[in-house]
Amino acid sequence: MRIWTYELRLLVRARIALFALVLLGALSAAAVIAGMAEVDRQRAAIAAIATPQAEDIGTIAAWVDKSKDAGSAAYYSFHPTWDSPSPLAFAAIGMRDVAPYILRVRALGLEAQIYDGDIFNPELALPGRFDFAFVLVFLAPLFVIALLHDLISGEREAGRARMLSALPSARGLWMRRVMLRFGLLFAVLCIPFAIAAILSGATAGAVIAICAAAAGYLLFWIALTLLVGQLGWSSVANAATLAASWLVLTLVLPTLAHVVISQTVPVDQGAEIALAQREKVNGAWEIPREETMRAFYASHPQWANSPPLPAGFHYKWYLAFHQVGDESVADRVRAYRGGLEHRDAMTRTIGWVLPSVGLQALLTHLAETDLQAQLAYQDRIRDYHRRLREFYYGYLFTDRPFGKEDFARAPRFNTLLDPPT
C-alpha cells in the first residue's frame, strides 16, 4: 500500500497530470448535470400537458355539445402522447435530442401527423449533445493520451529508463503506474455518473453495465497508448501519433462509415411519406364518395352495414378517406422503417470494429434513447390512434349523438412509464 501511495504522490506532483484529472472530473460532472437538466426539462414539459389539455377539451366539449356531432369532436380534439425519459436518459440523450417525445394526435390520418416531425437517422458515430456519452466517447481518450503518452518515453528522455528497467520489480512498477492512471481516470469519469444514476433511480445492473463499458473503453485506449509507447519514439511523436489515431477512430472512420451506410441503404425522408398521404387525402375530394367508402369497408368490414351517406357532407366519409390515405402509404412506411432498422443494425455491426461507435450505441440502448426506443414510441402512438379511431367510429357509423359527457369516455394514452400528472 505504501508503494501505491508513493506512486500517487509522484503522479499528482506533475501539474499537467493533476490538471487533466481535475478537468476530466469537472467535465464529467458538468455533462451529467447538463443531461439531468435536459431530462428534467423534458419531464416538466410532459407533466405540463395535463392542464392545457383539460382546458382545450373543455372548450371543445361545450361547443360540440350543442350539435352532438361525433365528427366535430373527432376533428377538433387533439389527444396527447408522450415518451417519458428513462432513468438513464441523462447519460446519453440520443434521439431524444432530434425526435419528438411529445406528439398530439387527432383521429385523422396518422402518418402525416407522425412524419411532420420526421425521424432523423441516428448519427451514432458522430458527436452530439454534451452529455456523459459525449465526454466518455470523445473526450476521455484525449485524457488517456495526456496521462500515458510519455509513460516510458518520458523516463527515457529524463535518463531514468535504463535504471528503472534494471530493477527486479520493473514489470510491477510499470503495471502499477498504468493501473493507477486507469483507476484515477475511471474514478473521476464514472463517480459523477454513478451518483446521478442512483439519484435518478436507475437499476444497479444498468449502472454496472455502463461503468464496465467505460472501463473497457479506457483500457482500449490505454492499450493503444502503450503500444505506441513501445515503438521507441519521443514523447512528442507519441502524442502526435495518438492524437491522429483519436481523430481517425472517433471522427473520420465513423463519419465515413455513416456515409457508406447511407449510400448502401437509401431511405426516403419521412416528409415524403407525409406528402404522399396528404396527396391521397386531398385527392379523395375529387373522386366519388362511394369509391372511398368501398375501400374503407374492405379493411373495416365491421362498419359495412353503416347507414348510407346523406346527400351532404358527413364526417364518417371524411375520417374514412383519411384512413384510406394512411393505408395507401403503408408499404412506404414499412420500407422506411425497415431501412432505418437496417441502417441501425449496420451501425451496431460497425461498432464491433470501431469502439467509439459501439460504445455510443450501447449507451443509447441502455439509456433507451436509441432508434428502437423511438420506434417503440411510434408503435404506442399507432396503437393509441387505432383505439381513438374505433372510439369515434362507434358514434359516426351508427349515427349516435356525441355529447359533453362522451369526451370523458375517449381513450387515454398510456405507456409503461409514468404519465403526466
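We did not get these values from a lab; they are worked out from the coordinates using the rules stated. Worth saying up front: this structure is predicted, and the values here are computed from it rather than measured. Please note: Cβ atoms are built from the backbone with ideal geometry, for glycine as well, and neighbour counts cover all protein chains shown.
Over all alpha-carbon pairs in the chain, figure out the percentage whose distance exceeds 36 Å. I get 44 percent for the Cα pairs in the chain exceeding 36 Å. Here the chain is assigned +1 on the Cβ of each Lys and Arg and -1 on the Cβ of each Asp and Glu. Its dipole about the Cα centre then comes out at about 1580 debye.
Taking amide H as placed 1.01 Å from N in the peptide plane, T81 has its amide H under 5 Å from the amide H of L103, R104, V105, each at least 5 places away in sequence or on another chain. The modelled label-to-label distance for the pair A187/A244, using points 7 Å beyond Cα in the direction of Cβ, is 3.6 nm. Annotation: peptides 129-140, 179-190, ranked by per-residue average of other Cβ atoms within 10 Å with the highest first, follow the order 129-140, 179-190.
Just name one of F313, M346, A373: the one whose Cα is farthest towards the positive end of the charge dipole of the range 310-414 (beta-carbon charges, Lys/Arg +1, Asp/Glu -1). Of F313, M346, A373, it is F313.
So what is the relative contact order for the range 162-318, in percent, with contacts set as C-alpha pairs under 8 Å and at least six apart? List each step's numbers first, then the result.
On the way: 24 pairs, mean separation 18.8, N = 157.
Rounded, it is 12 percent for the range 162-318.
The relative contact order of the range 271-421 comes to 22 percent, based on Cα pairs under 8 Å that sit 6 or more residues apart.
Converting phi to 3J(HN,Hα) with the Karplus coefficients 6.51, -1.76 and 1.60 and the offset θ = phi - 60°, the range 304-320 yields 5, 8, 4, x, x, 5, x, 5, x, 5, 9, 5, 5, 5, 5, 5, 5 Hz in sequence order, with x at every glycine or proline.
If you plug the beta carbon distance of Q269 and M346 into 1/(1 + (r/R0)^6) with R0 = 22 Å, you get a FRET efficiency near 0.70. Relative contact order of the chain: 30 percent, from C-alpha pairs under 8 Å at least 6 residues apart in sequence. Label-to-label distance, R382 versus A212, with points set 7 angstrom from Cα along the beta-carbon direction: 3.4 nm. Considering the dipole of the chain built from charges on the beta carbon (Lys and Arg +1, Asp and Glu -1) around the Cα centre, which of P52, Y395, S153 is farthest to its positive end? It is S153, whose Cα lies furthest towards the positive end.
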